[in-house]
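**Q** Please see the structure below; I have some questions.
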Amino acid sequence: MVGNDIIPMQNNSSDRIVDFWNARYLHEFIPAGGSKIKFVTGLEESGKTSMLRQATAEAKEAGFLTVFFSARDIWLYDFKFVFFEILRQARLEHLIIRCSDAIIRQMGFDSANIPTGKTFIDFLASENRNDALERLEIRNLLRKRFKENPVMDNSFAIACSLLCGDCLGQPKLEPESKEHIFAWLTGQKGFRVTSLRPLGFSPVRISKFNARRMLMSLCELARISGYAGLFIAIDDVDVLVDKANYGLLHYTKMRREDTYESIRELVDDIDNFNNIMFVFGFDRSLIDDEKMGLKSYQALWMRIQNEVVSERFNKFADVIDLNRLASSMYTPEMLIELSQQLCSNVKEGKIPVPINADMAEQILTLSRLNGKSIPLLVRQATLGSLMEKQEQ
């Protein structure tokens, strides 16, 4: 049995980039307060999606809060939709609990010793330590972590302080008040922000104009809750130029240009972020399409294109072209190994024969001439006859 979904196609070249990112960004630059945006592109079966998923897994292993989604599922033309999806996957309640646990530890206690269903204040009362000084210390720690945090938006900080205080039991919020806070943060339709005035703050509705500031605040929340930072991978951005897409997220010219402008604003603003890494993945069509692709929006293209191109692949480049990377790193021996891996994964019927050295050389030449990815050519050369038979 053969098929793209059951025969893994390992991409040794992209593995090297992920390893490089892991060492230089995920374990050094980003945890130290840095921020970065990368763009990954490639032709069919170049390993783009696999690379993004691998990088996301490495980031999670390195202690990052990770987010992964497809641009085919979430609108990109208004950054608030991106923020809401990141917030959803980040699980705000989970981050608040981690922050409350950190405050409990800072006060010399262990949250594991607090009975289920009891707040920290309840626990202190049972220990005869629920006095004014303890409550004052909780309020001071909440204020320092949130309200006095210069990285956070003031309204976002107040909301987190109230939620964290509720988790600790100082003060305890009414269920309706908690619902109002989450309704504002998640952009629920029909919610009136004036409902939050009784809680002591009057935020503005989250929109494309303040969503990046809210994301900065969320990233800071992730950091103070104990994560190394926030890693966000957005795949399938080529949906912007997908003429055959008849799904719900069909981009008009105006929305496509709004998306490019939104990404341009993020690129310009990224140095103001801390502890965050974005990776956008897309098919080469987003670059090659002169009328609708990235090159049609010069304000963005001028900021992300690699100005200096040399024979040696630059691992620090902001745009990673997996086909060019593969051409510079793949050897005939590696192609033969890939072919052997494919053959070993055929579980039924006649086992195909791996390619030889001459065929591997021809594939390397063909990839430069016909614009097809090396893994795809290896797959076709190794399994072509079997795949045709299966389709019949």
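The values are calculated or read from the model by the stated rules, or taken from the named source; none is laboratory data. In this text, all values refer to a predicted model and were calculated from it rather than measured experimentally. Note that each Cβ is placed from the backbone with ideal geometry, even for glycine, and that neighbours are counted across all protein chains shown. All accessible areas refer to the heavy atoms of the entire protein, side chains included, with ligands and DNA or RNA removed. Shrake-Rupley method; radii C 1.70, N 1.55, O 1.52, S 1.80 Å.
**Q** Which one of L142, L163 is at pLDDT 95 or above, under 28 Å from the mean Cα position of the chain (by Cα), among the aliphatic types (A, V, I, L, M) and in a helix (DSSP H, G or I)?
**A** Step by step, each of L142, L163 is checked, and only L163 is at pLDDT 95 or above, under 28 Å from the mean Cα position of the chain (by Cα), among the aliphatic types (A, V, I, L, M) and in a helix (DSSP H, G or I).
**Q** For the range 141-166, give me each residue that is under 23 Å from K118 (Cα atoms) and hydrophobic (A, V, I, L, M, F, W, C).
**A** L141, L142, A159, C160, L162, L163, C164
**Q** Pick from the range 25-47 the residues that are in contact with a helix residue (DSSP H, G or I) (Cβ under 6 Å, 6 or more places away or on another chain) and more than 22 Å from E265 (Cβ to Cβ): which of them is most open to solvent (accessible area, probe 1.4 Å)?
**A** Taking the candidates together, the pick is E44.
**Q** Could you pull out the residue among E61, E85 that is among the acidic types (D, E), in contact with a strand residue (DSSP E or B) (Cβ under 6 Å, 6 or more places away or on another chain) and without any contact (Cβ under 8 Å) to a residue 60 or more places away in the chain?
**A** E85
**Q** May I pose another question? Which residue is farthest from G34 (Cα to Cα), if the candidates are limited to the range 184-229 and must be in contact with an Asp or Glu (Cβ under 6 Å, 6 or more places away or on another chain) and either open to solvent by 40 Å² or more (accessible area, probe 1.4 Å) or not in a helix (DSSP H, G or I) (or both)?
**A** In this case the residue turns out to be K208.
**Q** Can we say S100 is at negative phi, open to solvent by less than 40 Å² (accessible area, probe 1.4 Å) and not aliphatic (A, V, I, L, M)?
**A** yes
**Q** Now, a different point. When both residues are 6+ apart or on different chains and their Cβ atoms are under 8 Å apart, which pairs have a first residue that lies in the range 88-102 and is farther than 14 Å from F64 by Cα, and a second that is of a type in the set (V, I, T) and crowded, with 16+ Cβ neighbours inside 10 Å?
**A** Correct list of pairs: C99/I224; A102/I224.
**Q** Please go through the range 254-282 and pick out each residue that is open to solvent by less than 50 Å² (accessible area, probe 1.4 Å), assigned to a helix (DSSP H, G or I) and touching a residue at least 40 places away in the same chain (Cβ under 8 Å).
**A** Scanning the range 254-282 gives R256, T259, Y260, S262, I263, L266, V267, D269, I270.
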